[in-house]
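Asks: Below are the structure tokens for one structure; questions will follow.
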Amino acid sequence: MKAFPETMRFSVAPMMDWTDRHCRVFHRRLSRHALLYTEMVTTGAVLHGPRERLLGFSSEEQKVALQLGGSDPKDLAEAAKIGAEFGYAEINLNVGCPSDRVQDGRFGACLMREPELVGACVAAMKAAVDVPVTVKCRIGVDEQDTERALDALADHVTGSGVDGLIVHARKAWLQGLSPKENRDVPPLDYARVYRLKERFPHLPIAINGGIETLDEAKEHLRHVDGVMLGRAAYQNPGLVADVDAELFGAADRTDARAAALSMAPYIAAHIEKGGKVSNVTRHMLGLFAGLPGARAYRRHLAVEAVKPGATEQVLIEALGLVRGGAALAAA
């Protein structure tokens, strides 16, 4: 495994209901180097829930980071230890989610108001595991001064030995905006994250929020150590297929069609375990965005994958609808 923080150079953000194990397998087949994240899992779920269902993943997915939600240092330490025992390459603390449910549990973005507690949480997690411990945060919440709030958080987590900080370059408004609105409405302030890197030059910092292309990612990498993409990577997986060549110096670009076709045996194995084709193919709908036949490909997957008795053949047929996909599907 490559040394941290090189692993944080490009990552796909943790996204609830999206970055499940099937999504991660698909993204891994598109990129060898991208750091992948789980959906957020609360400490309560890790400590008391069905661990294998919540935390289980295949070695093929590595490098994978587990994102935890919580605010009790002891519980976070125990959950981090369990995550490390499952084999996760990194444990991440969520200090950025603005949802009401998360606030009621006293974790997520509301912890921006309690930097001392976040530092204590990081210290406890670091003491419990040998893998890197990182924090994902916002630049501030509500009426906070972002200069003071973000620096205070960075001060406390660096003092606790944090291995990296991923900053969503927006405030979170905990009152008045929905979680969906909080992803777009608060203005982006990339310069604030750049200033944080200048003030904490030895702290590995990745930037997140509103990054749509790898050209934009390259520009950010002139100022910070890593970029994290969320919706852009999920909705256009072809972008992930270009990451190794564009950001990691790979000699060849990933063949996205071949990667997609390789998912057919994976789908067949999933069906044998009682799963549905659509559990996997829902993550593949945007793969050929902008290419001839992409709409027909999407429509075929969306309609046929949910039908009773659907098999991996649905994916093979869909690939045949994309220009150049027919020969591939017949291979």
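Asks: Is it true that some residue in region 163-175 is part of a loop (DSSP other than H, G, I, E, B), buried (at least 16 other Cβ atoms within 10 Å of the Cβ) and at pLDDT 95 or above?
Replies: Looking for residues that are part of a loop (DSSP other than H, G, I, E, B), buried (at least 16 other Cβ atoms within 10 Å of the Cβ) and at pLDDT 95 or above, one finds at least one in region 163-175, hence yes.
Asks: Which of the numbered conditions does Arg222 fail, given that it passes all the others? Conditions: (1) in contact with a helix residue (DSSP H, G or I) (Cβ under 7 Å, 6 or more places away or on another chain); (2) farther than 22 Å from Glu90 by Cα.
Replies: Here Arg222 clears every test but (1).
Asks: Which is touching a Lys or Arg at 6+ places or on another chain (Cβ under 7 Å) and either among the hydroxyl-bearing types (Ser, Thr, Tyr) or assigned by TED's automatic domain parsing to the domain that holds Leu229 (or both), of Ala123, Ala127, Ala191, Ala172?
Replies: One residue alone meets the criteria, Ala172.
The rows are residues; the columns are (1) touching a Ser or Thr at 6+ places or on another chain (Cβ under 6 Å); (2) closer than 24 Å to Ser262 by Cβ.
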{"position": "Trp18", "(1), (2)": "no, yes"}
{"position": "Arg21", "(1), (2)": "no, yes"}
{"position": "His33", "(1), (2)": "no, yes"}
{"position": "Glu39", "(1), (2)": "yes, yes"}
{"position": "Gly44", "(1), (2)": "no, no"}
{"position": "Gln67", "(1), (2)": "yes, no"}
{"position": "Gly70", "(1), (2)": "yes, no"}
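Asks: For region 137-145, indicate whether the set of residues that are assigned by TED's automatic domain parsing to the domain that holds Leu229, closer than 24 Å to Tyr37 by Cα and part of a loop (DSSP other than H, G, I, E, B) is non-empty.
Replies: No, there is no match, as no residue in region 137-145 is assigned by TED's automatic domain parsing to the domain that holds Leu229, closer than 24 Å to Tyr37 by Cα and part of a loop (DSSP other than H, G, I, E, B).
Asks: Can you pull out the residues in region 217-255 that are of a type in the set (Val, Ile, Thr) and within 17 Å of Thr19 (Cβ to Cβ)?
Replies: Selection gives Val227, Val240, Val243.
Rundown of residues vs (1) closer than 26 Å to Pro204 by Cβ; (2) surrounded by 16 or more Cβ atoms within 10 Å (Cβ to Cβ), yes/no style:
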residue	(1), (2)
Val240	yes, yes
Ala259	no, yes
Ala269	no, no
Glu272	no, no
Val306	no, no
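Asks: Is one or more of the residues making up region 109-119 in the same structural domain as Ile166 (by TED's automatic domain parsing), at pLDDT below 95, part of a loop (DSSP other than H, G, I, E, B) and over 16 Å from Ser160 (Cβ atoms)?
Replies: No, region 109-119 contains no residue that is in the same structural domain as Ile166 (by TED's automatic domain parsing), at pLDDT below 95, part of a loop (DSSP other than H, G, I, E, B) and over 16 Å from Ser160 (Cβ atoms).
Asks: Just to check your reading of the model, which residue among Gly230, Gly209, Gly249 is touching a strand residue (DSSP E or B) at 6+ places or on another chain (Cβ under 6 Å) and of a type outside the set (A, V, I, L, M)?
Replies: Numbers: Gly230 fails: touching a strand residue (DSSP E or B) at 6+ places or on another chain (Cβ under 6 Å); Gly249 fails: touching a strand residue (DSSP E or B) at 6+ places or on another chain (Cβ under 6 Å).
Just a single option satisfies the conditions, and that option is Gly209.
Asks: Right, something else. Go over the candidates Asp255, Asp225 one by one and state the one that is under 30 Å from Val167 (Cβ atoms) and either surrounded by 18 or more Cβ atoms within 10 Å (Cβ to Cβ) or within 23 Å of the chain's Cα centre (by Cα) (or both). Give the derivation first.
Replies: On the way: Asp255 fails: under 30 Å from Val167 (Cβ atoms).
After applying the criteria, what remains is Asp225.
The values are calculated or read from the model by the stated rules, or taken from the named source; none is laboratory data. Predicted model only: the values in this text are computed from it and were never measured. Note that each Cβ is placed from the backbone with ideal geometry, even for glycine, and that neighbours are counted across all protein chains shown.
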